1. Can you give the helix-only mean residue ellipticity at 222 nm for chain B, where every DSSP H stretch with n ≥ 4 adds -39500 (n - 2.57) and the sum goes over all residues, rounded to the nearest 500 deg cm²/dmol?
2. Per residue of B:187-198, how many C-beta atoms from partner chains lie within 10 Å of its own C-beta, taken as a mean?
3. In percent, how large is the relative contact order of the stretch B:211-367, given Cα pairs closer than 8 Å and 6 or more residues apart?
4. How about the stretch B:126-186: which GluC sites (Glu not before Pro) there are in a DSSP loop, with at most 15 other Cβ atoms within 10 Å of their Cβ?
5. In whole percent, what relative contact order does chain B give with Cα contacts below 8 Å and a gap of six or more residues?
6. Quick check on my link table: of A:Lys53/B:Lys55; B:Lys130/B:Lys169; A:Lys35/A:Lys99; B:Lys386/B:Lys538; A:Lys4/B:Lys310, which ones sit more than 28 Å apart, alpha carbon to alpha carbon?
7. What is the stretch A:1-113's relative contact order, in percent, from Cα pairs under 8 angstrom and six or more apart in sequence?
8. How would you classify chain A from its alpha-carbon gyration tensor, with a ≥ b ≥ c the square roots of the eigenvalues: rounded for a/c under 1.5, else prolate if a/b is greater than b/c, otherwise oblate?
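Just so it is clear, none of the values below were taken in a lab; they were calculated from the coordinates. The structure presented is a predicted model; accordingly, all values stated were derived computationally and were not measured. For neighbour counting, all protein chains shown are included, and Cβ atoms are generated from backbone atoms with ideal geometry for every residue, glycine included.
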Amino acid sequence: MLDKFDIQIREEKEHAVIETEGYLNDALGEQLAEKAHELIQNGYTQLVINLEKTSLINSIGISILIEIIEVLTEREGALNFCGLSSTQERTFRMMAIAKYAGIFPDEESAVANL
Amino acid sequence: MKDPSKPTSEDSLQADKTQNTAEQTMERLIFSLSELEHLGQTVISGHSNFNHSSKTYLRITLGTLQVTRGTILRYHPTRQNLEVVASAPDAVFSPLAVEPDEVANLLQHPFIERAAIPESLEQFFTRSAKLIETIDVHLWVPLKIQDEFLGLIGLGKFLGREALEAWEKELLTTLAHQISIAIAYSQMVEGIQSEKFRLFMLAESAPQICQLLQPEAAAEQVVHQAVSLLDANAGALMLTRPEQQQLEMHFTFPETLVEDIEEHNGLVIPYGEEVSVPPEATSADVLKSVVNEGIPGHCPPKSDTLFGGKNLMAVPIPGRDGDVLGVLVVGDKEERGGSIAPFTDEDEILLDSFAKQAGVAIENAHLHQEALEARQLQAEMEEARKIQVNLIPDMLPDIPGYEIAGHYEPRGPVGGDYYDCIALSTGYWGLAIADVSGKGMQAALLMATLRAGLISELSRGDTTVVENGEQDTPDPAVLYTELAEMALTLNSLLYASGTEEKYATFFYSHLNPETDILTTLNAGHNPPLLVRADGTYKWLGEEVGGIPLGMFPNDMVANIADYEAEHVQLASGDVVVYYTDGVTETVNIEDEYYEEDRLVEASKACKDSGAEAIRKYLHDSVMGFQGEADQFDDLTLLILRKQ
C-alpha cells in the first residue's frame, strides 16, 4: 500500500533495523534520515534498512540513502539493505549504492552479514 | 602546531597585548594554508551533500580567521530562501526568505559589515534578526560563482580585534570561493545522481511495464513509474473513450486522490470540443487540450482543486495509429526539504518519452486482454452450445393422429432458441417454442431455466381432470386461467434469474389429441402459422399476445399486456408451423428479409406433405433464399400436422 508511509525501528544490542513502508520520497526519506541519524548519535553504527514495504523510490529517496551511507562510512559503520525488488536492486547497483552497502534478500541475512 | 581555532585564555591575553605580531601572523598563515588544502580535499573528495560537510567548512573558516561564532547559509532558488546549514554555536534556525532583488543586491557586495548595511538590504537583515543576534554576526560574505548566488557566510565577533585586516579579508575571500565551489560541486553531483537515476529508471521501467499483461496492473505501474521518474508526489492515468469523446480516470497515486477527483466530478472529462487554454484554465481544460492537440500541458498550482490544487504536468499517451490513448499526469515535483519545484522542459521531455512507452504497454495489455476474452468467449460459446443442444429433444414423440417434426440449426453466435414437445400425464401434449435473449452461456442458462420451469409447471397436476378420475374435455376457461398462471410463474422465474438480459419470447400450445383443440398462449413470440387443408391460413396468438417472459415483474405485466390464452379447432390436413425469428429474419445477399409472406407461400406449397417433408421444404426454402449471405441467428422450426 503506497498511500501510507511509516517507519519502524528495531534496536538490538549490536545493530538496529529500520523498516520503511510507502513511497520513499522526500517526506519519508527525511524521516528515515532523521531516524538513522538518531540511531547513529546513540551509538548504532551497524544498520539494516528493510525496504520490503517500499516498492517505489524517487531520486530524493536515493540521495538520502547515499547520505546515510556517507555518514556511516565516516564512522566506520556498516549498512545493509534487504527486501529490495529486482528493479530496486539494479537501481542500487547502478547508483553505486551497492558498492558501499550490502544487499541481501531478507532481514536475517542482512543482519548476519553486518 | 597549535590550533588557533581553540585559543586559550593565555593566548587571548597575549593577543590583546601584542596584536598582529609578525610571528603570530606567520603562524596563522601557515595554519590557514594547511586548512585551505584540507578544505580543497574535502570539496573534491567529500560528501555529495553539501549540508553534511558544511560544519567542516565552518570550522575551518572560523579557525583560520580566529572567530568563535559564525554561520553558513545555502541559497535555494526554487524555494527563494536561505537555509542555515551550519552554525557555531550549533542551533536550529528557520530558513530565511530572500527576494530576487535582495539576491541581486547581495551579489553587489563582496563584504557586508554590520555597521554599514546597504539600505536595499535592510529589510532582509531585519528579517534575519534572530540569527544575527544568536551568532552576533559582524560581517557577511556572499557566496557566489560568477553571477550565481549560492549563499552567505556570517562571521561573529573577531577575537582581539575590531575588524579583519586586509590580508585576512583576502583569505576570507579565498575561503568563501572554496565553499562556493563546494556548494556548486554538491549541486552538480546531486544533479548528476538525479539524472543518472532518472535515465536508468526510464530505461528500466519501459520494458517492465510492456511485459504487464493486465490492463489494471499496467495502469498502476505506469502511474507509479511516472511519479518516481519525475520526483512527483501524485499522478494519474486517464484513458480516452473515443466513441463518447471522454477521458476516463483509470488510476491515481495516491489512490486516495481519486476521492478528491470524484468529489469534483473529474473522473470523466469530455474532450470533444476544441478548448483554448486561457491563463486561468482549470486542470480539466488543460487535460482536454492535451488530448485535442496531442501536446503536453501544464497547470499551475492552485488553479483549481480537481487534483488537490497540485502543480500539474500532463502529456498525451500516443497509440500505434497516432491517436491519443489517454493522458498521463504528474503532480507536484518534490525538492529536497519539502518544497515543490516547477516542472522543467527536461521533465516534460522525460515524461513525454515515458508516455510513448506507456502507450505501447497499455495497448499490449488491452490487446492481450481482448485476446483472452475472445478465447474465453469462444470456450464459453462451445459450452453453451453443448448445453443448448442437449436441451433440444433428439427425437420427438409420436402423437396419435398427428405428425410432428422439428429442426434446430445454429447459425452464428449461440442464441437461445428452444422447442419441445412434452407428454403430459393427462394424455395431452405440450408444445413449446422460445427464443431467449442474449447469447452464449447466459442465453443457454436462461433457456435451461425456462425449460425446467416449464416442465415443473406442466407436471404440477392438471385441474382439467374431472372428479371421478376420468379424463374429460377441459373447461376452456379453466385451462386459459391455468396457462396464464403458468406464464406468470415462468415470467417471475426468468425475471428473478439475475442475468442482465433475462427475457424470452415464448409460445405454448396445449394439444388435446382427442378433441383436436389446440389451446395457445403467446408471450411475445412470432405467431405460429396455421395453414388449413384448404389453403387458408391464420397467425396463432397474434391478437392476444402478451409481453416476453422475464422482462417485467408480474405486478407490472397486467398493466402492460396480460397473458391470455385462446384456442383453435384443428382438422385433418391442418398444419401448424412454429418458428423463431431466425426464419423470417433470414437475409439474402440483397439485404432482403425472408419475412412472413414467403413463409406463408412456402407453407401453403408444401402443406399436403408429411410433417418431416414440410420441415425439409421450409428449411430448403429459407436456405435457398439465404444463398451466400451470412446469418447471425439460429433457425428453428417445429411442424405439427393433423393427419
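1. Values: 17 runs with 273 residues, N = 643.
Taken over chain B, the calculation gives -14000 deg cm²/dmol.
2. Across the residues of B:187-198, the mean count of other-chain Cβ atoms within 10 Å is 3.
3. 25
4. Working: sites: B:Glu133, B:Glu148, B:Glu162, B:Glu165, B:Glu168, B:Glu170; in loops: B:Glu162, B:Glu165.
Listed in order of number, the matching sites are B:Glu162, B:Glu165.
5. Once normalised by length, the contact order is 8 percent.
6. Too far apart for the 28 Å limit: A:Lys53/B:Lys55; B:Lys386/B:Lys538.
7. Relative contact order, the stretch A:1-113: 24 percent.
8. Rounded.
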